[in-house]
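Have a look at the structure below before the remarks.
The values are calculated or read from the model by the stated rules, or taken from the named source; none is laboratory data. Nothing here was measured: the structure is a model prediction, and the numbers come from that model. Methodologically, a virtual Cβ is constructed for each residue, glycine included, from the backbone with ideal geometry; neighbour enumeration extends over all protein chains shown.
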Amino acid sequence: MPTPHIEADVKDVAKTVIMPGDPLRAKYISEKFLTNVKQINSIRNMWGFTGKYKGKPVTVFASGIGIPSIGIYSYELFKFYNVETIIRVGTTGAVKESLKLKDLVLALGASPDSNYARQFAPDFDFSATADFELCEKIVNAARAQKKNIRVGNVVTSDAFYARNGGPLESMRRMGILALEMETFALYTNAAVLGKKAASVLMISDIVGADISLSPKDRETAVDDMAKIALEAAISSDK
């Protein structure tokens, strides 16, 4: 049954979803890595595609930008489309000074400046974390592809244009690796609904410095994280 935001038939959505933010990135990943691809959603131009990766069904579905947007799409996929696992693949700004452009980060936990989780846990500060077994599969997939991936905490912010770049020094003191805008909502929804989630992120900017990938590079320099996520996705079906 369609939702207000997704028109797909339940049977056309795989149990595992790869979730980039940008609809064009969803199209790119689907066309490059999947076979027998079928577009399953176009409402609001938030594109979704289902195909096969190494013979296993996988859906690639865009989330849009920010907690409200991924909060809607991941919740509906988990709740109404029987999705069991969502792996976010997206760009992020480096906070840890040793990180460089195009480095990969696996978000073990996400700390918010948002009240998103208060609707589910009004009496305490919820700590949003990735699924441990899924993280293991992602790390193993990265190692098999001889790619380095840093594992640690990120901050999920409601603001892209934060004053003075946000509380950079505080984040560094707390060992935060990167700053992004979606993971906390995804992990919260997974916890509420008893599902699995993880975020594989690529450094596209250096927070506090005028260093970033070009828009074209942001669009296409996603192959490494897409391949890692897809390998982990089919591994999670075993």
Item to check | Index of the failed condition, R25 passing every other in (1) over 25 Å from D131 (Cβ atoms); (2) modelled with pLDDT under 95 | outcome: (1)
Next on the checklist: I'd like to check which strands (runs of 3 or more DSSP E) are fully inside the stretch 1-100 and have at least 2 residues that are touching a residue at least 12 places away in the same chain (Cβ under 8 Å) and among the small types (G, A, S).
Outcome noted: 48-53, 85-94
Checklist entry - So how many residues does the stretch 1-30 have that are among the charged types (D, E, K, R) and surrounded by fewer than 16 Cβ atoms within 10 Å (Cβ to Cβ)? => result 3
Next on the checklist: Would you confirm, using the coordinates I've provided, whether A107 is out of contact with any His (no Cβ under 9 Å at 6 or more places or on another chain), free of Cβ contacts under 8 Å to residues at least 24 places away in the same chain and not in a helix (DSSP H, G or I)?
Outcome noted: no
Next on the checklist: Give me the residue from the stretch 114-151 that is closer than 18 Å to T92 by Cα, assigned to a loop (DSSP other than H, G, I, E, B) and touching a Phe, Trp or Tyr at 6+ places or on another chain (Cβ under 9 Å) and, out of that set, modelled with the lowest pLDDT.
Outcome noted: S114
Checklist entry - Out of curiosity, is V154 surrounded by 14 or more Cβ atoms within 10 Å (Cβ to Cβ), out of contact with any Pro (no Cβ under 9 Å at 6 or more places or on another chain) and in a helix (DSSP H, G or I)? => result no
Checklist entry - Taking the stated definitions as given, is G71 in contact with a strand residue (DSSP E or B) (Cβ under 9 Å, 6 or more places away or on another chain) and either under 21 Å from G194 (Cα atoms) or modelled with pLDDT of 95 or more (or both)? => result no
Next on the checklist: Please count how many residues of the stretch 92-127 are of a type in the set (A, V, I, L, M) and surrounded by 20 or more Cβ atoms within 10 Å (Cβ to Cβ).
Outcome noted: 8
Checklist entry - Quick check, is E219 at pLDDT 95 or above and among the charged types (D, E, K, R)? => result no
Checklist outcome for this item: All-but-one check, S42 against (1) among the small types (G, A, S); (2) more than 15 Å from the chain's Cα centre (by Cα); (3) surrounded by 15 or more Cβ atoms within 10 Å (Cβ to Cβ), failing number (3)
Checklist outcome for this item: When every residue in the stretch 45-75 that is of a type in the set (F, W, Y) and within 13 Å of the chain's Cα centre (by Cα) is compared, the one nearest to L201 (Cα to Cα) is F61
Next on the checklist: Scan the stretch 180-192 and tell me whether some residue there is in contact (Cβ under 8 Å) with a residue 40 or more places away in the chain, surrounded by 12 or more Cβ atoms within 10 Å (Cβ to Cβ), under 15 Å from the mean Cα position of the chain (by Cα) and closer than 15 Å to K96 by Cα.
Outcome noted: yes
Checklist entry - What residue, of F49, F78, F33, is over 18 Å from A190 (Cα atoms), surrounded by 21 or more Cβ atoms within 10 Å (Cβ to Cβ) and either modelled with pLDDT of 95 or more or out of contact with any strand residue (DSSP E or B) (no Cβ under 8 Å at 6 or more places or on another chain) (or both)? => result F49
Next on the checklist: Of the residues V200, V222, only one is of a type outside the set (S, T, Y), in contact (Cβ under 8 Å) with a residue 40 or more places away in the chain, touching a strand residue (DSSP E or B) at 6+ places or on another chain (Cβ under 9 Å) and within 19 Å of S111 (Cα to Cα); which?
Outcome noted: V200
